[in-house]
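Structure record follows, encoded as structure tokens.
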Amino acid sequence: MEQAARSPQRAMVSCFVCAYGHTKYAFAAFHVIAATQTTQTPHQARCLIWNRTVNNKGGPGRNISMDQRVEHLNNFTKGMLKGLGPNLTEIAARCC
């Protein structure tokens, strides 16, 4: 129990509440941590973790959420389409 009290996951959950006052995010983070470490099989826990995040650059601790990845792709695509300027047509947009 003492080890669990000092875990980085617990610190992360506490950070949501103390710094930002977002208790629902703290609860959601706690729920995911509890699911991955206690209530699910190791296979289910791996699926839960890997189906929520993506690692674009490699290396440990550099994961971002899939929602954020989609936002990055949307912004990249919008930038490419803006770069077409007056040449923007439906056919040109499909090529991007």
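Laboratory data are not the source of any read-out in this text; all were calculated from the coordinates shown. Bear in mind the structure is a predicted one, so any value in this text is a computation, not a measurement. Cβ coordinates were reconstructed from backbone atoms using ideal geometry, including for glycine residues, and neighbour counts include every protein chain displayed.
Values computed for the structure shown
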quantity	calculated
Positive-end residue of GLY83, VAL54, GLN68, charge dipole of segment 43-88 with Cβ unit charges	VAL54
In Hz, Karplus ³J(HN,Hα) per residue of segment 76-84 (6.51, -1.76, 1.60; θ = phi - 60°; x = Gly, Pro)	4, 5, 4, x, 5, 5, 5, x, 6
